[in-house]
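For reference, the structure discussed in these notes is given below.
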Amino acid sequence: MKKIIYILWIAVILVIGLLFIQNQAFYLTKQSLSLNLLLFEIALPPISNAAILLVFFFGGILLSAASSVIGRFKTRKALKHCNATGDGYIDKIGALKTQLDQMNSRNTPKTAFKPSDMGRATGRDHAPA
């Protein structure tokens with residue numbers, strides 16, 4: 001499997017190299033970029049097209065990475081919020097369980113009657129049947 005991946009990467013590099021070699025005249029042509037803002041004009045010195053393409057390519061990669069990092073921070077913040085909410089619910093459940101245990105302990109009788117005690121006569125004024 002690793003050999004196939006290496007072969008694919010070599011093929012991709014060869015195709016990119018072939019495109020560069022076939023369009024070498026375009027990439028080495030120098031152009032000047034300028035920006036007219038009505039109040040003033042910004043003009044850069046002539047730069048080759050290859051350098052301009054590389055600057056914008058790596059600028060796009062940086063913007064994509066920044067967008068990904070911002071998404072991760074938002075996800076991490078949402079996850080912390082959900083965990084805090086869940087912890088709050090767990091604390092509330094624990095409090096309700098303790099209340100339920102207290103209510104159950106109040107309702108249970110303190111003395112338990114045995115079935116043998118219930119059938120026996122307690123007083124001497126009754127004659128056994």
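The values are calculated or read from the model by the stated rules, or taken from the named source; none is laboratory data. Here the structure is a predicted model, which is why all the values come from computation and not from measurement. Accessible surface is based on the protein model in full, side chains and every heavy atom, while ligands, DNA and RNA are left aside. Shrake-Rupley method; radii C 1.70, N 1.55, O 1.52, S 1.80 Å.
Quick rundown of the values:
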{"read-out": "Residue list for the stretch 2-47, restricted to those being in a helix (DSSP H, G or I) and small (Gly, Ala, Ser)", "value": "11, 17, 25"}
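Conditions tested, residue by residue: (1) modelled with pLDDT under 90; (2) open to solvent by 80 Å² or more (accessible area, probe 1.4 Å); (3) on the phi > 0 side of the Ramachandran plot; (4) not β-branched (Val, Ile, Thr).
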position: 7; (1), (2), (3), (4): no, yes, no, no
position: 12; (1), (2), (3), (4): no, no, no, no
position: 17; (1), (2), (3), (4): no, no, no, yes
position: 23; (1), (2), (3), (4): no, no, no, yes
position: 26; (1), (2), (3), (4): no, yes, no, yes
position: 31; (1), (2), (3), (4): no, yes, no, yes
position: 41; (1), (2), (3), (4): no, yes, no, yes
